[in-house]
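Dropping a structure here in structure tokens format, bear with me for questions.
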Amino acid sequence: MQALTNRSKMVSNKQMTFLERLYLVSIFKGMLITISHFLKKKATISYPEKHRPISSVYRGQHVLKRDENGAERCTACGLCAVACPAEAITMVAAERKKGEENLYREEKYAAVYEINMLRCIYCGLCEEACPKEAIFLTDRIVPTEFERGDLVYGKDILVEPMEKSKRIDVSKRQTPDVLEFKTHSEYAHNQLWDPKKSLQTKKQSH
Amino acid sequence: MTPLIALFVFHWYPLILAICVFGVSLGIAAYSTYFERKIAAFLQDRLGPNRAGPYGIFQPLADGLKMFMKEEIIPNVSNKFLFILGPSIGMFTSLITGAVIPWGPNIRYHGESLPLQVADVNIGVLYLLGVVSIGVYGVMIGGWASNNKYSLIGALRASSQMISYEVAMGISVVTLIMITGSLSTSQIAAEQHGFMNEHWLTWNFFKNPLTFFIFFICALAETNRTPFDLPECETELVGGYHTEYSSMKLGFYLFAEYVNMFISSAVMSLFFFGGYNFPWMDKIHDPNMLALAGTCVMFAKTLFFIFVFMWIRWTIPRFRYDQLMNLGWKILIPLSVINLVATGFLLWGTGKL
Ligand code: SF4
Ligand code: SF4
């Protein structure tokens, strides 16, 4: 039969010689191979101390953003929960009371907001669905836990801290396209509704 | 007038030494488990255990603790007495073999010359062989008492393997005895004094390397190490003869393997590589210094052989069972018999018999 490639190797069923049947030579060869690996550079990365370099678009633990004044951006519209293919997000909406304007940006807010990190597949669809730019996936790795319940993250973990210095930077993870997109305020969906401005943009586009 | 403490030491010397040997065997076996994994990792470009203490050096303690804390299960259908007897025999036999091994040259204490050997019996070699073959019972009883087919097959495999390799081992030891002309381990060690005499290198390895190779292969099989670890072949037999064992009884079986490895390494360095002897040992005149250096040399050789054992384990896969039996009966036994006869003729020809 003609060989299709020259990579195939003829297999023979010839009897092994006495020396070969002692296996000593081949064992010795194998031992030389393994010992040559003894002092080689190790492939292991000691994880908690050292991190692998991750892609710039890595999708890790979520953050619920606050705006410049420290108010939560999420309006509990539920679009993220609808978009989520893994049904990992649940929330309970509540109405903003008088005097809470500095805490919640919109008149409706999420009193409870939970993401089940075991269900989440880190697809980033919640981030895309959000009309208020409230939820983002960051480059943080979700740590392991001993209990399943501990991996249902509530607002205490998800919402970023109030202090300006401790805010979670989400711009790093964005691709250049997204950053470019965000420089155009006319495309942004989270600007406060301003009829004049929207008229302007409409006119421009016509 | 010797001081009281010296008299005390003289009186209890064998006991003190026995406890030392016991402790050292256990300690080295414990740390073998650590180095086993470290070496395995290094040969495979990994790091190995490094979480318990610096470089993971407390790993054996953590493992031991874990073993003790585990739930102890004795199957209802098992024979309880034999079930407990199995691992006990395994551990016991592997620990008592250390008694006849001379760990170093004699030390001098208050004018008395004390041997670094627990029992200097004149049939030390026979004692070793005998105890090693009792070790088979530990495996066999454990496997049988579990009342489990897999354990039984594992135990059968183990015992048939050990028995077949014991034949070749015995013949190679006979060859060795013909060369040394003595059954006493201390005599064998003393005969390999230094490194060279006026004719030839003194270590038995250089007198008959083939004997060493046969002995070495048989030692691998006796200690159930890869490539001969068929008794505990997980892929075919679940866990081999210790399938039903848990907690520290399992620990004893696993531990006995490491003690066996340590002892057989010591035996190999004693029989073939001069034991505590090293080149230019005559330059050291103080007997205690000599004993110290000799003991260190002995342990260095032993540890080297342990390393080789592990190196082999992490290099080659295990044999198929028919290959194992073929190697034992069709190659090693004829080879060792030929070796025996040839050595006999050689000794007769040179007039040493
Ligand atoms: S990343 Fe995907 S799976 Fe995870 S919560 Fe968002 S939408 Fe759901
Ligand atoms: S995170 Fe965004 S999409 Fe989800 S409920 Fe809040 S505002 Fe709506």
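The values are calculated or read from the model by the stated rules, or taken from the named source; none is laboratory data. Since this is a predicted model, take the numbers as computed values, not measurements. All Cβ positions, glycine included, derive from the backbone under ideal geometry; neighbour counts span all protein chains shown. Just the protein is used for accessible areas: all its heavy atoms, side chains included, with ligands, DNA and RNA removed. Shrake-Rupley method; radii C 1.70, N 1.55, O 1.52, S 1.80 Å.
Name the one entry in B:17, B:4 that is open to solvent by 90 Å² or more (accessible area, probe 1.4 Å) and either modelled with pLDDT under 90 or under 30 Å from residue B:106 (Cα atoms) (or both).
B:4
Continuing with the same structure: Consider residue B:246 against the criteria (1) away from every other protein chain (no Cβ under 14 Å); (2) at pLDDT 85 or above: it satisfies all of them except one. Which criterion is unmet?
Single failed check for residue B:246: (2).
For segment B:304-324, enumerate the residues that are more than 10 Å from chain A (Cβ to nearest Cβ) and free of Cβ contacts under 8 Å to residues at least 40 places away in the same chain.
If the condition is that a residue be more than 10 Å from chain A (Cβ to nearest Cβ) and free of Cβ contacts under 8 Å to residues at least 40 places away in the same chain, then B:304, B:320, B:322 are the ones that fit.
Pick from A:5, A:44: which is within 48 Å of the chain's Cα centre (by Cα) and within 11 Å of another protein chain (Cβ to nearest Cβ)?
Just a single option satisfies the conditions, and that option is A:44.
Among the candidates B:87, B:60, B:54, single out the residue that is at pLDDT below 90 and exposed (fewer than 15 other Cβ atoms within 10 Å of the Cβ).
Checking each option against the conditions leaves just B:54.
Of the numbered conditions (1) within 30 Å of residue B:144 (Cα to Cα); (2) out of contact with any helix residue (DSSP H, G or I) (no Cβ under 9 Å at 6 or more places or on another chain), residue B:33 satisfies every one except a single condition; which is it?
If we test residue B:33 against (1) within 30 Å of residue B:144 (Cα to Cα); (2) out of contact with any helix residue (DSSP H, G or I) (no Cβ under 9 Å at 6 or more places or on another chain), just (2) comes out false.
Every residue in segment B:146-159 that is within 19 Å of the chain's Cα centre (by Cα) and surrounded by fewer than 23 Cβ atoms within 10 Å (Cβ to Cβ), please.
Scanning segment B:146-159 gives a single hit, B:159.
Could I ask something else about it? If the requirement is being more than 30 Å from residue A:142 (Cβ to Cβ), open to solvent by 80 Å² or more (accessible area, probe 1.4 Å), at pLDDT 85 or above and not aromatic (Phe, Trp, Tyr), which of these qualifies: A:32, A:4?
A:32
Let me ask something additional. Filter segment B:221-238 down to residues that are open to solvent by less than 10 Å² (accessible area, probe 1.4 Å), modelled with pLDDT of 75 or more and in a helix (DSSP H, G or I), then give me how many there are.
Matching residues across segment B:221-238 total 1.
Same structure again: Among the numbered criteria (1) charged (D, E, K, R); (2) under 26 Å from residue B:86 (Cα atoms); (3) assigned to a loop (DSSP other than H, G, I, E, B), which single criterion is violated by residue B:257?
In the conditions (1) charged (D, E, K, R); (2) under 26 Å from residue B:86 (Cα atoms); (3) assigned to a loop (DSSP other than H, G, I, E, B), residue B:257 misses (3) alone.
Go through the residues of segment B:167-180 one by one and say whether even a single one is over 30 Å from residue B:10 (Cβ atoms), within 20 Å of the chain's Cα centre (by Cα) and within 14 Å of chain A (Cβ to nearest Cβ).
yes
Kindly indicate whether any position in segment A:74-95 is touching a residue at least 60 places away in the same chain (Cβ under 8 Å), within 16 Å of ligand 2 (Cβ to nearest atom), surrounded by 13 or more Cβ atoms within 10 Å (Cβ to Cβ) and within 20 Å of the chain's Cα centre (by Cα).
Checked segment A:74-95: at least one residue is touching a residue at least 60 places away in the same chain (Cβ under 8 Å), within 16 Å of ligand 2 (Cβ to nearest atom), surrounded by 13 or more Cβ atoms within 10 Å (Cβ to Cβ) and within 20 Å of the chain's Cα centre (by Cα).
Quick check on my filter: what residues within segment B:23-51 are more than 9 Å from every other protein chain (Cβ to nearest Cβ), open to solvent by less than 50 Å² (accessible area, probe 1.4 Å), among the charged types (D, E, K, R) and not in a helix (DSSP H, G or I)?
none
If I ask for residues that are among the small types (Gly, Ala, Ser) and either open to solvent by 20 Å² or more (accessible area, probe 1.4 Å) or within 19 Å of residue B:97 (Cβ to Cβ) (or both), which ones from segment B:169-195 would you list?
Residues satisfying the conditions are B:170, B:172, B:181, B:182, B:184, B:186, B:189, B:190.
From A:94, A:86, grab the single residue that is more than 30 Å from residue B:44 (Cα to Cα), more than 16 Å from ligand 1 (Cβ to nearest atom) and hydrophobic (A, V, I, L, M, F, W, C).
None of the others qualify; the one that does is A:94.
Of the conditions (1) more than 40 Å from the chain's Cα centre (by Cα); (2) open to solvent by 40 Å² or more (accessible area, probe 1.4 Å); (3) within 12 Å of chain B (Cβ to nearest Cβ), residue A:27 fails just one. Which one is it?
Exception for residue A:27: condition (2).
Filter segment A:112-136 down to the residues that are of a type in the set (A, V, I, L, M) and open to solvent by 50 Å² or more (accessible area, probe 1.4 Å) and list them by number.
A:112, A:118, A:121, A:125
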